């Protein structure tokens, strides 16, 4: 169930509520003498307090404002997640948020609430729903447009999470394309799906090679939002890795643990589609194209084998040294296809290398780019929404391990520097401004952390929406 955000003009009585403030003296009229004393006695480093007003609850939040601006916003999001934990535990259905602080902080608090209330219970006998049907918001600075945009963004993140959490048994490449088509009809962006025959006609050798071991055919999905008079005469093209399940192929992953969450290997594809959903619903004046090559990677008898030489759609030959380095092969075909749009910028998102999570854990997205100006803008957006980006260099030396004795290049390189080596492989297929985002560490987490629920996180949706919203 989705939550409808509703602006209210009066602070209600006898209802569970969250009070947000910068200066406690401004709202002491809302507290009894005993409640004020409780707030003053709370630990100094604690910025929230739960008070029982049976049968209701009062949640006070006042994060320290002396931190950097992005950190303050993030603390309000986390406070919103804490309030949602109370809502969840106490099964509160009628709640409001009342703000005596800046509107930006109110929006962050609500965003943290809604994202934390996500649940994937499709396959459970008892369905879980922690979100209220309606959330009343008292903040004189908030507009209905602000609330609607919050609904759109959090809905998009939730849909991306749903796609990633969905098991392969019900989400192969064809079904993924159907999900994209359905959402396009609902939200207003166009969708075209290429099936195997068309993919063969386009000679997408990377996508076809990875698909050889599968009993399910591949798809290549094109999504587009093109409003009248967009701010960009050339489109921004988003490319998402769509490996719906990755066994590693014949280079089988070494342990079951390294495979048991590989339904998440299409997180990049989910982020691209969810971004198109949010952008089209918000009717942003920006021309955006999304490209998703999709398949699973399995070790069937006809599967691609180490030592095989394949040909990407631009004619580049690749010696496959490891079939578990498959994401870069299907992305290569998508990057080649992106050339036809003469793009302003191409951003690809992929759970590409395990090394990414070793470098940054689940705290940061790794980026490599040939366009410093665009990357700077994207990193600025990342700070604002707290989907932070760490830039890695694309030094030419990292291309050396990709040299092959029998083909134009290999798909692997050595063990060291794999995150950058993988990006250098992709760079070969770019002839346009380009940013590569490795989201392997942030796309899927194993423990809940604030508003990031266990499992799929939707990492990248809020980042891209914020970037595109302010594109000039």
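How big is the Rg/Rh ratio for the range 90-248, C-alpha atoms only, Rh by Kirkwood, two decimals?
Expressed as Rg/Rh, it is 1.06.
For the range 11-73, I need the span (max minus min coordinate) of the C-alpha atoms along each principal axis, in Å, sorted largest to smallest.
Each principal axis gives a Cα extent; for the range 11-73 these are 37, 23, 18 Å.
For residue 406 and residue 103 in the same chain, what is the full-extension length gain: residue separation times 0.36 nm, less their Cα-Cα distance, in nm?
Taking 0.36 nm per residue and subtracting the Cα distance, the gain is 103.0 nm.
In percent, what relative contact order does the chain have, based on Cα pairs under 8 Å that are 6 or more apart in sequence?
After rounding, I find 16 percent.
In nm, what is the difference between 0.36 nm times the number of residues separating residue 449 and residue 32 and their Cα-Cα distance?
146.8 nm
Once the Cα gyration tensor of the range 4-117 is diagonalised, what are the square roots of 5 times its eigenvalues, in whole Å and ordered largest first, as equivalent ellipsoid semi-axes?
Square roots of five times the eigenvalues give 19, 18, 14 Å.
From the P(r) of the range 265-397, can you give the percent of Cα pairs sitting at distances over 22 Å?
Here the tail beyond 22 Å accounts for 48 percent of pairs.
By per-residue mean of other Cβ atoms within 10 Å, what is the highest-first order of 93-105, 436-448?
Result, highest mean Cβ count within 10 Å first: 436-448, 93-105.
How much length is gained on full extension from residue 123 to residue 185, taking 0.36 nm per residue of separation minus their Cα-Cα distance?
Taking 0.36 nm per residue and subtracting the Cα distance, the gain is 19.8 nm.
Give, in whole angstrom and from largest to smallest, the semi-axes √(5λ) of the equivalent ellipsoid of the chain, with λ running over the eigenvalues of the Cα gyration tensor.
43, 21, 21
Rounded to the nearest 500, what is the 222 nm mean residue ellipticity of the chain from helices alone, with -39500 (n - 2.57) per DSSP H run of 4+ residues and division by all residues?
Calculated mean residue ellipticity at 222 nm is -11000 deg cm²/dmol.
Looking at the chain, send over the antiparallel percent of its DSSP beta bridges, to the nearest 5.
So the antiparallel bridges amount to about 40 percent of the total.
I'd like the distance separating the alpha-carbon centroids of the range 49-96 and the range 369-417, in whole Å.
Each part reduced to its Cα centre gives a spacing of 39 Å.
Between residue 143 and residue 39, what is the FRET efficiency for a Förster distance of 25 Å, r being their Cβ-Cβ separation, to the nearest 0.05?
0.25
Could you state, as a whole-number percent, how many of the C-alpha pairs of the range 340-465 are farther apart than 21 Å?
In whole percent, the share of Cα-Cα pairs in the range 340-465 beyond 21 Å is 41.
Evaluate the distance, in nm, between pseudo-label points positioned 7 Å from the Cα of residue 358 and of residue 258 along their respective Cα→Cβ axes.
In this crude label model, residue 358 to residue 258 measures out at 1.0 nm.
Would you mind listing how long the range 101-164 runs along its three principal axes, going by Cα atoms, in whole Å with the largest first?
The Cα atoms of the range 101-164 stretch 42, 20, 16 Å along the principal axes, largest first.
Using label points projected 7 Å from each Cα along Cα→Cβ, tell me how many nm separate residue 300 and residue 91, to one decimal.
Using points 7 Å along Cα→Cβ, the separation is 4.8 nm.
What does the C-alpha gyration tensor say about the overall shape of the range 134-210? Classify as rounded when a/c is under 1.5, otherwise prolate if a/b is larger than b/c, or oblate.
Since a/c reaches 1.5 and a/b is larger than b/c, the shape of the range 134-210 is classed as prolate.
With contacts defined as alpha carbon pairs under 8 Å and 6 or more residues apart, what's the relative contact order of the range 4-117 in percent?
Relative contact order for the range 4-117 comes out at 34 percent.
Rule-based calculations on the coordinates, nothing more; no lab input. Not measured: the values here are computed from a predicted model. Note that we place each Cβ from the backbone using ideal geometry, even for glycine, and neighbour counts take in every protein chain shown.
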